[in-house]
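The values are calculated or read from the model by the stated rules, or taken from the named source; none is laboratory data. Remember, it's a predicted structure, so these values are computed and weren't measured experimentally. All Cβ positions, even for glycine, are placed from backbone atoms using ideal geometry, and neighbour counts span all protein chains on display. The accessibility values were calculated without ligands, DNA or RNA, using every heavy atom of the protein model including side chains. Shrake-Rupley method; radii C 1.70, N 1.55, O 1.52, S 1.80 Å.
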Amino acid sequence: WDGGWMNAPEELGGAETNALARRLKPDILINDRHFTKEDLVTPEQRIPPTGLVDEQGNPLVWEACITMTSHWWGYDKYEKVYKTPEFLIRMLVDIVSKGGNLLLNIGPKPDGTIQREFVERLEAIGRWMDKYSEAIYGTTASPFNLLPFYGRVTTKGERLYVHVFEWPADRKLRLPGLKNQVKRVALVEKGRPRLPFARDGGDWVITLPPKAPDKVASVIAVDLVGKPEVEPMVLGPDAGGVIELPALYGFLDGPHGMRIRFEARDGIVHAGNWINPNDSIEWTVEVPKRGDYQVWLDYAVETGQGGSEVEFIINGKQVPRIMPNGMIASTGGGAVEGGERQVCKTSATGGQFKRKKAVLVRLQKGNNVIKVMVPKIRREKAMDLRGITLVPVTNKG
């Protein structure tokens, strides 16, 4: 099924056709492309920030259908942009760690052969899978909501497979909030070299060797006592009330044609390839009381690329109005007036990461969702974003 967006489901006879297919083959799997609720969901040209669930919070069966090219399906003799093998392998791991399946598109040339760019990428994925397929096939989603390193986790019974994209400079790999006892930690390499590990508060810390075995995604097997139990990581203010939100702890999202992705420079992860104004990054933070915060950006913008408009959205709503003096507008009772968009513009940094004072926001007591978008991108790319910092302010106006 495909093309359901061109007609209403009733015009296609989708429900009746699906019912007939199930009578003919009861074990069939049917996707959602006729815009009816069936067996699996198929996000296209995007990776959901987390696994997909139904209205009751139960995991859905889903697969992301994504191209090897910049965004075109099939074969295009004029195509010049291809996703790198590194990106495709990490994308596979990312999707599987969220409980999904990767449907990776290729297209034959007019003579039926497969073009060299596609073959090279498939062979690179195959070489990686020759070593690490056990960490992909038959695994389920990660039990961690956030990870303090650039990588992903897949699960198989009482074993965690930890996929490390960027080798930590201090060689310490932290598994946050893991309640289980750990029996054994080993590299998924020839001879299964053992790695030392130790409990540190509520976390387990693994000491890594000096060099990553695989430059794209190394895999470590962590054997547990029992199936994994993890206390979710909660982001919030430090002892001074400051909230640090690195990109690594954010969720990247976008509609069809999503381009934003995690990248790394000097061992530090950032949200990069920000060329689609519909893409975003968001964090969920918990604060003990309502308060006002000054937002700082930690970003890099190439020379001549400044002037993009950055928008901040708090809890799915437009955030409070800012007065000309920079204070948050309020009435005598302290209630915040809403209405105006919270935006600032980027400035060129010569491609170096720098901190920029941005906007003021108000957070409510408890959980808050902070989303950053770039609705107006100047030139080719908006920015590379390492994260944002929220510093508490006192409203005396």
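Per-structure values
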quantity: For TRP204, solvent-accessible area (1.4 Å; no DNA, RNA or ligand), Å²; calculated: 20
quantity: Size of charge dipole - the stretch 234-311 - debye, nearest 20, with Cβ of Lys, Arg +1 and Asp, Glu -1, no other charges; calculated: 100
quantity: Accessible area (Å², 1.4 Å probe, nearest 10) - ARG199; calculated: 90
quantity: At q = 0.11 Å⁻¹, base-10 log of I(q)/I(0) for the chain (Debye sum, equal scatterers on each alpha carbon); calculated: -0.95
quantity: Cβ-based net charge around LYS25, under 15 Å, with every Lys or Arg adding one and every Asp or Glu removing one; calculated: -1
quantity: ³J(HN,Hα) computed for each position of the stretch 139-147 - Karplus, 6.51 cos²θ - 1.76 cosθ + 1.60, integer Hz, glycine/proline x; calculated: 9, 10, 5, 5, x, 8, 7, 9, 10
quantity: Spacing of the two label points (7 Å from each Cα toward its C-beta) at ALA264 and ALA8, in nm; calculated: 5.1
quantity: Interchain or long-range residues, amide H under 5 Å from TRP72's placed H; calculated: none
quantity: Inter-probe distance in nm under a simple model that places probes 7 Å from Cα toward Cβ, at LYS172 and PHE35; calculated: 5.3
quantity: Heavy-atom accessible surface of the chain: percent carbon and sulfur, 1.4 Å; calculated: 53
quantity: Amide hydrogen neighbours beyond the local backbone of LEU60, cut-off 5 Å, H modeled; calculated: LEU52, VAL53, ASP54
quantity: Quotient of C-alpha Rg and 2.2 N^0.38 Å, computed over the stretch 225-305; calculated: 1.37
quantity: Exposure of VAL188 as accessible area (Å², to 10), given a probe of 1.4 Å and all protein chains; calculated: 10
quantity: Restraint check, LYS37/LYS179; LYS211/LYS356; LYS98/LYS183; LYS179/LYS289, Cα-Cα greater than 31 Å; calculated: LYS37/LYS179; LYS211/LYS356
quantity: Summed side-chain charge close to GLY202 - residues other than GLY202 whose Cβ falls under 9 Å, Lys, Arg +1, Asp, Glu -1; calculated: -1
quantity: Simple label model, 7 Å out from Cα along Cβ direction - PHE87 to VAL391, nm; calculated: 3.6
quantity: Derived scalar couplings ³J(HN,Hα) [the stretch 46-55; Karplus, 6.51 cos²θ - 1.76 cosθ + 1.60; whole Hz; x for Gly, Pro]; calculated: 7, 10, x, x, 9, x, 9, 10, 8, 4
quantity: By accessible area with a 1.4 Å probe, ligands and nucleic acids excluded, highest first: order of LYS227, LYS345; calculated: LYS227, LYS345
quantity: Sum of side-chain charges, LYS356 neighbourhood, beta-carbon under 12 Å (Lys, Arg +1; Asp, Glu -1); calculated: +4
quantity: Relative packing of 130-143, 211-224, which averages over residues the other C-beta atoms within 10 Å, highest first; calculated: 211-224, 130-143
quantity: Charged-residue dipole, Cβ positions (Lys, Arg, Asp, Glu), the chain about Cα centre, Debye nearest 20; calculated: 1160
quantity: Residues listed by number, the stretch 194-212, amide nitrogen under 11 Å from ALA186 label point at 7 Å toward C-beta; calculated: 194-195
quantity: Convex hull volume per residue in cubic angstrom - Cα atoms of the stretch 150-298; calculated: 165
quantity: Square roots of five times the Cα gyration tensor eigenvalues for the stretch 157-230, Å; calculated: 20, 14, 11
quantity: Solvent-accessible area per residue, Å², over the chain with all protein chains present [probe radius 1.4 Å]; calculated: 51
quantity: 5 angstrom amide H check on LEU195, placed H, neighbours 5+ away; calculated: VAL185, ALA186, LEU187
quantity: Distribution of pairwise C-alpha distances over the stretch 152-191, 5 Å bins, in %; calculated: 5, 15, 29, 29, 18, 4, 0
quantity: Those residues of the stretch 162-182 whose amide nitrogen sits under 13 Å from the label point placed on VAL225, 7 Å along Cα→Cβ; calculated: 179-182
